[in-house]
Amino acid sequence: MESTQKALIYFQENLATFMDKYLDLLRIPSVSTDPERKEDVQGACEFLANYLKNMGMEKVEIFPTEMHPIIVAEKLSGKPGAKTLLIYGHYDVQPPDPLNEWITPPFEPTFRGDYLYARGASDMKGQVMASMIALDSVLRTSELPLNIKFILEGEEEIGSPSLEDFIEKHKDLLKCDMILNPDSGMVAPDSPTLVYGLRGLVYFELRIDGPKADLHSGLFGGNVANPAIVISEIIAKLHNPDGSIAVPGFYDNVLPLTEEEKTKIASSHISDDTYIKLTGSPKLYGEVGFTALERQGARPTLDVNGLYSGFIGEGAKTIIPAYAKAKISCRLVPNQEPGEIYNLLIKYIAGLVPDTVRATLFKHSGGPAYLADDAEGMQNLVDALTGTWNRPVTLKREGGSIPVATTMLNFLGVKSLLTGFGLPDDAIHSPNERQHIPTWKKGIQALIRFYMSFASE
Ligand code: BES
Ligand code: ZN
């Protein structure tokens, strides 16, 4: 029997066991941003390290960092001249909040119809498991003339603070010819997708302090500045009426869109209507002069991700809040440098703060954008995806951020194969996150074909 076929059959015959492993991983609440979940993040790390050992990876090492550990695993094929594939994944997840909006609890994975619901089901425990299960199925059934390495981190959802240093210090350990990063997704269940562009990010918090404590608004209202109003006024000045960002210099280095690139972006055929349906917003909003797909993949944005001030409980309470806080982030595009953009933001915001309050800015995380459609192994992956779906591969410039793709290019000199088997309506980072299981299974079959494609070379 052909060896790819053997691995595909092995996967099919052991699906129940594989599914149990995936469910077990989803039960671990590895929320990287929550200090109370540190042990769970560690638990998810150990779970995956054990799985890597069980499937026959030879060197499996857990490296502690200042926050959450990094796993590196390796299995050399022994074949002279064999290529090395490095697989990236993250085992941390976003916080499940708001908890009361989940139909079933976020860490009790539940099937409804074709979907599996749980935090991380799609982003990206489902994709980590897919790449491991596919490899497991291959290693159980044939000799793979490919060296395999894994790097799995637990800090992706908080901006990977330990990863860049780690990669720089472990260049030899991570040396490879190809990188598979399944942390993006597909545009539709019948459109296997290769992502060739990602946006960068700079994330910070703005805090406005006014009075030393909340004040009675009758006694003091009208005589002190209200931090909630001040922060709203500042936020209102961050955009121009045409939807563009008002920070001077913000667009200076933005890579302009050529006609060729516009055509390429349009080729993923997602209509405005699809975005309206996906978001539930009554109408789309964005920078004038660009299509929704261009705005998503190739134009920078500035968003408020959280806003807090004063009394937000039930009922009424008459106070002047002592402070107001906003979590703000910008998605960046190629040639915008996160550090430079943050400096422009500091300067502009400082000029908007009245002397009736005190302002503090605090930076969380950042990372540059990514753009490359010529990663090593691309044709193998395209063939594997097409061979599984019997549909052409869609090329997509994505709006999300995977800064490690740029870090790896800078330090390892290797471009990443960005794919994944999540769908736009998986509700990642949102309540009721889910994974479409038929798509996940196809994804595993495609990865089996991808790994095995190196066997016939
Ligand atoms: N998997 C996502 C990024 C993603 C989603 C890329 C869909 C392409 C399509 C990843 O886990 C993520 O959410 N990353 C953060 C990065 C940030 C914290 C530096 C993001 O984009 O917000
Ligand atoms: Zn992710």
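Here are a few things to note about the model shown:
Residues are listed down the side, and each one gets a yes or a no for (1) within 30 Å of residue 311 (Cα to Cα); (2) of a type in the set (Asp, Glu); (3) touching a Leu at 6+ places or on another chain (Cβ under 8 Å):
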| position | (1), (2), (3) |
| --- | --- |
| 151 | no, no, yes |
| 168 | no, yes, no |
| 180 | no, no, yes |
| 185 | no, no, yes |
| 209 | yes, yes, no |
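- Pairs meeting the criteria (first residue in region 29-47 and among the charged types (D, E, K, R), second residue at pLDDT 95 or above, beta carbons under 6 Å, at least 6 apart or on different chains) are 37/29; 37/31; 40/28; 40/29; 40/30.
- Of the strands (runs of 3 or more DSSP E) lying entirely inside region 79-124, the ones with 2 or more residues being under 13 Å from the mean Cα position of the chain (by Cα) and over 13 Å from residue 427 (Cα atoms) are found at 83-90.
For every residue, the table says whether it meets (1) acidic (Asp, Glu); (2) surrounded by fewer than 24 Cβ atoms within 10 Å (Cβ to Cβ); (3) under 17 Å from residue 176 (Cα atoms); (4) free of Cβ contacts under 8 Å to residues at least 12 places away in the same chain.
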position	(1), (2), (3), (4)
405	no, no, yes, no
408	no, no, yes, no
413	no, yes, yes, yes
425	yes, yes, no, no
431	no, yes, no, no
437	no, yes, no, no
444	no, no, no, no
448	no, no, no, no
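- Output for region 113-152, where each listed residue is more than 16 Å from ligand 1 (Cβ to nearest atom) and either free of Cβ contacts under 8 Å to residues at least 60 places away in the same chain or acidic (Asp, Glu) (or both): 113, 114, 136, 143
- Qualifying residue in region 213-222 (condition: more than 12 Å from ligand 1 (Cβ to nearest atom), surrounded by 22 or more Cβ atoms within 10 Å (Cβ to Cβ) and not aliphatic (A, V, I, L, M)): no
- When residue 268 is tested against (1) among the polar types (S, T, N, Q); (2) more than 26 Å from residue 433 (Cβ to Cβ); (3) crowded, with 16+ Cβ neighbours inside 10 Å, exactly one condition is not met: (2).
- Every condition in (1) among the hydroxyl-bearing types (Ser, Thr, Tyr); (2) closer than 27 Å to residue 95 by Cβ; (3) touching a strand residue (DSSP E or B) at 6+ places or on another chain (Cβ under 7 Å) is met by residue 279 except one, and the failing one is (3).
- Within region 215-234, residues that are under 13 Å from residue 310 (Cα atoms) and touching a residue at least 24 places away in the same chain (Cβ under 8 Å) have Cβ atoms under 6 Å from residues that are surrounded by 16 or more Cβ atoms within 10 Å (Cβ to Cβ) and among the aromatic types (Phe, Trp, Tyr) in these pairs: 227/323, counting only partners at least 6 apart in sequence or on another chain.
- Any hit, region 134-153, residues being of a type in the set (Asp, Glu), within 14 Å of ligand 2 (Cβ to nearest atom) and either surrounded by fewer than 17 Cβ atoms within 10 Å (Cβ to Cβ) or in a strand (DSSP E or B) (or both): yes
- Identity of the residue in region 292-325, hydroxyl-bearing (Ser, Thr, Tyr) and surrounded by 16 or more Cβ atoms within 10 Å (Cβ to Cβ), that ends up farthest from residue 205 (Cα to Cα): 301
- Those residues of region 26-44 which are in contact with a strand residue (DSSP E or B) (Cβ under 6 Å, 6 or more places away or on another chain) and assigned to a helix (DSSP H, G or I), in sequence order: 37
- Exactly one residue among 233, 287, 294 is under 19 Å from residue 333 (Cα atoms) and at pLDDT 95 or above, and that residue is 294.
- Cβ-Cβ under 9 Å pairs, at least 6 apart or on other chains, region 90-112 side on the phi < 0 side of the Ramachandran plot and within 16 Å of ligand 2 (Cβ to nearest atom), far side at pLDDT below 95 and among the hydroxyl-bearing types (Ser, Thr, Tyr): 90/160
- Any hit, region 194-203, residues being within 16 Å of ligand 2 (Cβ to nearest atom), outside any helix (DSSP H, G or I) and over 13 Å from residue 403 (Cβ atoms): yes
- Top-ranked residue in region 154-181 [being of a type outside the set (Asp, Glu), over 24 Å from residue 38 (Cβ atoms) and in contact with a helix residue (DSSP H, G or I) (Cβ under 9 Å, 6 or more places away or on another chain); ranked as surrounded by the most Cβ atoms within 10 Å (Cβ to Cβ)]: 181
The values are calculated or read from the model by the stated rules, or taken from the named source; none is laboratory data. In this text, all values refer to a predicted model and were calculated from it rather than measured experimentally. Every residue, glycine as well, gets a Cβ built from its backbone with ideal geometry; the counts of neighbours run over all protein chains shown.
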